[in-house]
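To keep things clear, I will list the structure first and then write my remarks on it.
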Amino acid sequence: MTSAEVAVDVVRFNNWLIANYASLPQERLPGPREHAYLLIDSILKTRQAEGRTTPTEFERFALGTLVNWATF
């Protein structure tokens, strides 16, 4: 995923989780959790590929948000 695709997906995914998380049955939680991990992986791989050691403001926000969702 490109940085732009990841940014769009993070925002869409976060908004979807805010709207739907409370109504998701337990057996459906692994899917969103895996998607959160996919996005985390994409952010970290992009940063590594660009040779950066410090995350951008958006990456900090996205990683924090995604880790929180993934640990529910």
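The values are calculated or read from the model by the stated rules, or taken from the named source; none is laboratory data. In this text the structure is predicted, and so the values were computed from the model without any measurement. Neighbour counts run over all protein chains shown; Cβ positions are idealised from the backbone, glycine included.
Computed values, structure above
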{"quantity": "Test: residue in the range 20-27 that is within 14 Å of the chain's Cα centre (by Cα), assigned to a helix (DSSP H, G or I) and at pLDDT 95 or above", "calculated": "no"}
{"quantity": "Conditions (1) surrounded by fewer than 12 Cβ atoms within 10 Å (Cβ to Cβ); (2) of a type in the set (S, T, N, Q); (3) within 14 Å of residue 11 (Cα to Cα); number of the one not met by residue 65", "calculated": "(1)"}
{"quantity": "Pair list, Cβ < 7 Å and 6+ apart or interchain, from the range 45-72 residues that are part of a helix (DSSP H, G or I) to residues that are of a type in the set (Phe, Trp, Tyr) and at pLDDT 95 or above", "calculated": "70/37"}
{"quantity": "Residue identified as out of contact with any strand residue (DSSP E or B) (no Cβ under 6 Å at 6 or more places or on another chain), touching a residue at least 24 places away in the same chain (Cβ under 8 Å) and assigned to a helix (DSSP H, G or I) among 41, 9", "calculated": "9"}
{"quantity": "So residue 4, is it more than 12 Å from the chain's Cα centre (by Cα) and either of a type outside the set (Lys, Arg) or assigned to a helix (DSSP H, G or I) (or both)", "calculated": "yes"}
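Conditions tested, residue by residue: (1) closer than 20 Å to residue 60 by Cα; (2) exposed (fewer than 12 other Cβ atoms within 10 Å of the Cβ); (3) among the basic types (Lys, Arg).
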{"residue": "3", "(1), (2), (3)": "yes, no, no"}
{"residue": "18", "(1), (2), (3)": "yes, yes, no"}
{"residue": "26", "(1), (2), (3)": "no, yes, no"}
{"residue": "38", "(1), (2), (3)": "yes, no, no"}
{"residue": "42", "(1), (2), (3)": "yes, no, no"}
